[in-house]
Amino acid sequence: MPSSTPPTWLLGDLPIHRIGLGAMRLTGTAPFDHGLPRDRATSIGVLRRAVDLGVDHIDTAAFYFSATRSANELINHALSPYPDGLVIATKVGPARDSSGSWWWASPGQLRGQVEENLRQLGRDHLDLVNLRIPPSNRTGSISAHFEALAALREAGLIRHLGISNVTADQLAQALAIAPVVSVQNSFGLEAPAEEHALLRRCGDLGIAYVPFSAIAGPGRDSGPTPSAGAAVRAVAAVHGASVAQVRLAWTLHQGAHVLAIPGTGDPRHLAENLAAGELRLSAEELRQLRL
């Protein structure tokens, strides 16, 4: 990215580096089923190493758990007492019961989800809570849910509010209720035009845009499309970088307000992800990657 692009962003009143850490994969190789759990000591080591390397933004959720691991518990064990300046963001809306079955919270159930995150993380308030919207409600109202979170912010349980998996109309609904400091949506090289428009809208409003699945693409575990993969591989070869690093670097090039929260439980991948912030792509390379 151009040298004038700052490496940090102000998340509300909280300054953070633009590359953080997603906690989902700390729990296992297949976090939402009965896949192999991560080695506990390795996951704790990744968290501590991330902070040592300057990561000050960790994205988590109470529903990030596998059969034997909980992301929030790992974060608490590894990092508490938390260092000054560390921002922990979490999500509410989705939930999983002890069997792993999913359900979505009503507005009245959001306080319980917030309090569960507080207990698991050992905090007296949450730095940032993102309201995650179910795919089935991408065209509906989010006002009742966001009003419930705004009340918890007024009560002092939450410092800042964000929204996730939303449209531009839903962002407008939320802004009519309370300040929004982040929008967390699926975004990457294959993102449609309307998502690019929302990213730009967030920039105009000074709101952080925080992509998830920036490395994996819309297919998540199946990875990016073959055509996009070919372009990324060509640029990666020129820079001696990995495909994942190029995809992350491209994401960060989309604006100073764009953050990254690549998830990993692997110490080697952690170092690679953070190094992507130093990768400079030319205007021609940026154009090639979007062909």
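Couplings 3J(HN,Hα) for segment 244-252, derived from phi with the Karplus relation 6.51 cos²θ - 1.76 cosθ + 1.60 (θ = phi - 60°), are 4, 5, 5, 5, 5, 4, 4, 4, 5 Hz, where x marks Gly and Pro.
Here each label is just a point 7 Å from Cα along the line to Cβ, and for A230 and A283 those points are 2.6 nm apart.
Within segment 87-112, whose backbone N sits under 16 Å from a point 7 Å along Cα→Cβ of A155? Under 16 Å, as judged by backbone N against the label point of A155, lie 92-93, 106-112 of segment 87-112. Considered as an equivalent ellipsoid built on the Cα gyration tensor, segment 116-203 has semi-axes of 24, 14, 12 Å, the largest given first. Output the direction-averaged projected area (hull surface divided by four) of the convex hull of the alpha-carbon atoms of the chain, in nm². Spelled out: convex hull of the Cα atoms, projected over all directions, averaged, 14.3 nm².
For the options G277, G12, G112, a Gaussian network treatment of the chain with springs between C-alpha atoms closer than 10 Å singles out G112 as fluctuating the most. Residues with beta-carbon under 13 Å from that of L126, excluding L126: net charge, scoring Lys, Arg +1 and Asp, Glu -1? That sum, taken over residues with Cβ under 13 Å, equals +1.
Phi-derived couplings, Karplus 6.51 cos²θ - 1.76 cosθ + 1.60 at θ = phi - 60°, listed residue by residue for segment 96-108: 10, 7, 5, 8, x, 6, 8, 8, 10, 6, 7, x, x Hz, with x used for Gly and Pro. Build a GNM of the chain with springs between Cα atoms under 10 Å: which of P37, P94, P192 gets the top mean-square fluctuation? Result for the chain, Cα springs under 10 Å: P192 fluctuates most. Exposure proxy ranking for R201, R153, based on other Cβ atoms within 10 angstrom of each Cβ and starting from the fewest, stands as R201, R153. With each label modelled as a point 7 angstrom along the Cα→C-beta vector, the A176-S98 pair spans 4.2 nm. Evaluating 6.51 cos²θ - 1.76 cosθ + 1.60 at θ = phi - 60° for every residue in segment 170-183, the Karplus couplings come out as 5, 4, 4, 4, 5, 5, 6, 9, 7, x, 10, 9, 8, 10 Hz, glycine and proline recorded as x.
Could you point to the residue in H145, A62, A191 farthest towards the positive end of the chain's charge dipole, with +1 and -1 charges on the Cβ of Lys/Arg and Asp/Glu respectively? Comparing the listed Cα positions along the dipole, A191 ranks first.
Extension gain, S141 to E115, is 6.9 nm, computed as 0.36 nm per intervening residue step minus the present C-alpha separation.
Summing +1 for each Lys or Arg and -1 for each Asp or Glu among the other residues whose beta-carbon sits under 11 angstrom from that of A178 gives -1.
Electrostatic bookkeeping for L74 treats Lys and Arg as +1 and Asp and Glu as -1; over the other residues with beta carbon under 12 Å from its beta carbon, the sum is +3. Fewest neighbouring Cβ atoms within 10 Å first, the residues D59, D39, D52 line up as D52, D39, D59.
Just so you know, all these numbers are worked out from the coordinates, no wet-lab data involved. Please read all numbers here as calculations on a predicted model, not as lab measurements. In this analysis, Cβ positions are derived from the backbone assuming ideal geometry, glycine residues included, and neighbour counts consider all displayed protein chains.
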